[in-house]
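Readers should treat all values here as calculations from the given coordinates under stated rules, not as data from a laboratory. Please read all numbers here as calculations on a predicted model, not as lab measurements. Quick reminder, even Gly has a Cβ in these numbers, built from the backbone with ideal geometry, and neighbours come from all protein chains shown.
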Amino acid sequence: MTDSVLYSVLLLASLGVIASVVLYIVSKKFYVYENPLIAEVEEILPAANCGGCGSPGCKSFADKLVNTEDISDLFCPVGGNDVMKLVAEKLGKTVAEKDPTVAVVRCQGSCEVRPKTTEYQGPRTCAISAMIYSGETDCQYGCLGDGDCVAVCQFDAMYMDEETGLPVVITDKCTSCGACVDACPRDIIEMRPKNKRDLKIYVGCLNEDKGGIAKKACSVACIGCSKCEDVCPKDAITMFNNLAYIDPVLCTLCRKCVPVCPTNSIIETNFPPRKEKPVVKKVESKVAVNVESVKPKTDA
């Protein structure tokens, strides 16, 4: 009995030693060298792992930065220019400075201007709603209001407005990761330049229906009248599929397009109130004339 137990112990110990040796040899044979710079660059990155850089995570992006000769096209939107400068200094490479961007919701179809015509009974996610029906209103292009964009935001930069039923972007918290853009099945969220004081002008509508149909579904829908395009001095506005689009690069924020829009579908943010031109009243000057003084004298 004692011998069998001893043999069993020796056998297990021998198997353990053999397995250890095999694992050691395999680890040495298949060892993959990792450049220590990858870990150092990863430490510089914000560790958001949001995918805004185009890589699945910060480690993967660090690997790409280290092993890419020209990194001018690579950018971490969360870290911004400051982080990319630190990465460039660490790697001895040149990085291109980019203007910060912010998420913009290109739909203003609240319950007040876009009334519901049906009621959906089912899982409340935009992804599912977009697959099985066109929405609770007659506009098949606008926000579905189920908050998928808010759910994927890791930075608490968005919330659903209970009164309007639309998502709201908190500009100061937005890191330009683009997760909300990818999550929206209607593609109503766009990354646009974050100008000084967050000044923006954009068309808050994506309805491609003709004017009458679009206006019936939503009172602030773009009706494709082209008035904004006609007054734009920089050719920043183009018409396509009955819909106006303002190019954020060409737009100089002159605001000439805003007052000519008959449906108020063009949104301007953070601008000072427009100064109303003073109304000059025409005052007719009346000269009192003494009839007696001008009456011709007759000889007596």
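Can you give the local net charge around residue 51? Use residues other than it whose beta-carbon is closer than 14 angstrom to its beta-carbon, Lys and Arg +1, Asp and Glu -1. Intermediate results must be reported in sequence, preceding the final value.
On the way: positive: 59, 64; negative: 182.
Result for the neighbourhood of residue 51: +1.
Between residue 244 and residues 5 or more places away or on another chain, which pairs have amide H atoms under 5 Å apart, with H built 1.01 Å from N, and which residues are they?
Counting only residues 5 or more places away or on other chains, the set is 224.
What list of ³J(HN,Hα) values in whole Hz, one per residue of region 18-24 in order, does the Karplus curve 6.51 cos²θ - 1.76 cosθ + 1.60 (θ = phi - 60°) give from phi, with Gly and Pro shown as x?
Working through the residues one at a time gives 4, 5, 5, 5, 4, 5, 5 Hz.
Would you kindly state the longest site-free stretch of the chain, with sites defined as GluC sites (Glu not before Pro) in a DSSP loop (not H, G, I, E, B) surrounded by at most 13 other Cβ atoms within 10 Å?
With GluC sites (Glu not before Pro) excluded where exposed in loops, the chain gives 164-275 as its longest stretch.
Let a ≥ b ≥ c be the square roots of the eigenvalues of the Cα gyration tensor of the chain; is it rounded (a/c under 1.5), or, if not, prolate (a/b larger than b/c) or oblate?
The shape class here is prolate.
So between residue 156 and residue 111, what do we pick up on full extension, going 0.36 nm a residue minus the alpha carbon distance?
Working it through step by step, the gained length comes to 13.8 nm.
With Cβ to Cβ distances under 15 Å as the rule, what net charge do the other residues near residue 150 carry (K, R +1; D, E -1)?
Values: positive: 124, 173, 186; negative: 146, 148, 156, 161, 162, 182.
Its environment carries a net charge of -3.
What stretch of the chain, leaving out the sites themselves, is the longest with no chymotrypsin sites (Phe, Trp or Tyr not before Pro) in a DSSP loop having at most 16 other Cβ atoms within 10 Å?
156-300
Kindly state, to the nearest 0.05, the FRET efficiency for residue 274 paired with residue 182, given R0 = 35 Å and r defined as their beta-carbon distance.
Details: r = 36 Å, r/R0 = 1.04.
Computed FRET efficiency for residue 274 and residue 182 comes out at 0.45.
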